[in-house]
Every structure is written in structure tokens, then in C-alpha cells.
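> Below is one structure. I have some questions about it.
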Amino acid sequence: LLDGEATRAGILKALGGRLADPARVKHDDRVFVFFAGHGVTRKLPSGKALGYLVPVDADRDNYQSQAISMTNFQDVSEAIPAKHVLFVTDACYSGIALTRGGASGGAGQSYLREVTRRSGRQMLAAGGPDEEVADGGPQGHSIFTWALMQGLDGQADLSGDGYITSWELAAYVGPTVSSLSRQTPAFGNLVGSEG
């Protein structure tokens, strides 16, 4: 969805409709979702913070009803039948969706066999739960998106085995982005992930 198509209804229809359709997305599929846009955090009376992805049609004064909360995002992600889903968000404060990080996985065929056996819902976010993210990176992209594209183009194959795992992608993107900006990309599992 580009520009005006990235409405709240359009995003939720794509995630909770098309990608949640078992006739379209099978159990052994892998799904990659990339969101580049705005994100906000709202402080709750309990002291906790709730993050939102902001679609193009959201009213900045009414995020509660017009943006996509990370809680709502989590619910939609669980409806996708694919075994592996990687969400990449280039939005301020998007790291708030993560429940936990994890140790980076090593290379080797036994590691790859094990992680491909498990069900996974993971997210690589441009910044932590309390960070704004930088625009103005190389080639007209944000710094995060530029580093992500470099990583997917092969730079993130840290083990040199011809595969780029989500852990390798995070291990490449994080330090690259942090060296060029004042943001720290966050990586981890969403609720219910087996890692």
C-alpha cells in the first residue's frame, strides 16, 4: 500500500484479511511486512505506554480510534497462518511492540533446521519504544530503510552461508543505523512467538 492507500482500513484489510486468509497464506509460508510511516506513543494512566502506527488518514488528535495500536497490531499478526512472519517498522517509537529480545542465532545447518521448525513472530523496529527515528539517509531513504536494504542485498549474511536470518539482519542493521544516527533499532519476538 503506497501513500493514500495506506489507510487504517487498508492496512488492517491487508494484514487481517488478505494475509490471514488460509487459502492465500499457508502454514509453511514466510511473510515479510514492511511499514514505513509515523508512529506515536501515548502514556496511559497506569504509567505504561501504548504505541501506535499512524496510517495516512489518521487524525493527529484522535489516535485512539484512528491509528493502529500495537495491541491491535499484535492481534492481527496472530491471525496470519504463516509459520514465520517478520515485521519491519520504520516508524518512531515502534520498538514498543516487542516483548523481549533474544540472543543472536549462530550459523550452521542445525541452527537453520531448528529455527525454521518453530513458529515465529518477530519485529525489527527502527528505534526503541522512546525514540524518534531519523529521515534523510542515503539514496533518499531513511537511515534505517537504507541499512535494511543494504542488509537484504547481502551485507547481513554475517555467517557467509547464503542465508540471512532475522537475527543476522538485526545484528547488521542495528549497529549500522546507530553509527549514523541517534537511534537504536530494536529487535525481538512478539507475544506467542517460539523464536
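The values are calculated or read from the model by the stated rules, or taken from the named source; none is laboratory data. Please read these numbers as outputs of a predicted model, since none were measured by experiment. Counting neighbours? That spans all protein chains shown, and the Cβs are built from the backbone with ideal geometry, glycine included. Remember, those area values only see protein heavy atoms, side chains included, never the ligands or the DNA or RNA. Shrake-Rupley method; radii C 1.70, N 1.55, O 1.52, S 1.80 Å.
> To the nearest 20 debye, what charge dipole does segment 1-105 have about its Cα centre, counting +1 at the Cβ of each Lys and Arg and -1 at the Cβ of each Asp and Glu?
Once rounded to the nearest 20, the dipole reads 320 debye.
> Moving to a separate point now. Quantify, in whole percent, the carbon and sulfur part of the accessible surface of the chain (1.4 Å probe; protein heavy atoms only).
Solvent-exposed carbon and sulfur of the chain make up 51 percent of the total.
> So, with +1 on the Cβ of K and R and -1 on the Cβ of D and E, and no other charges, what is the size of the charge dipole of the chain about its Cα centre, to the nearest 20 debye?
Around 540 debye, computed over the chain.
> Do the sum for the chain: with -39,500 (n - 2.57) for every DSSP H run of n ≥ 4, divided by all residues, what is the mean residue ellipticity at 222 nm, to the nearest 500 deg cm²/dmol?
-7000 deg cm²/dmol
> Separation of segment 123-184 and segment 18-67 by C-alpha centroid, Å?
Value for the Cα centre distance between the two parts: 20 Å.
> Another one. Ratio of Rg to Rh for segment 117-195, alpha carbon only, Kirkwood?
Here the Rg-to-Rh quotient is 0.99.
> Give, as a single signed number, the net charge of other residues whose beta carbon lies under 13 Å from the beta carbon of residue 69, with Lys and Arg counted +1 and Asp and Glu -1.
With Lys, Arg at +1 and Asp, Glu at -1, the net is +2.
> With the radius of gyration and the Kirkwood radius both derived from the Cα set of segment 1-79, what is their ratio Rg to Rh?
Taking Rh as the inverse mean 1/r over Cα pairs, Rg/Rh reads 1.01.
> Quick check for you: with a 1.4 Å probe and neighbouring chains kept, what is the accessible area per residue of the chain, in Å²?
51
> Report the longest stretch of the chain that contains none of the trypsin sites (Lys or Arg not before Pro) sitting in a DSSP loop with at most 16 other Cβ atoms within 10 Å.
In short, 119-181.
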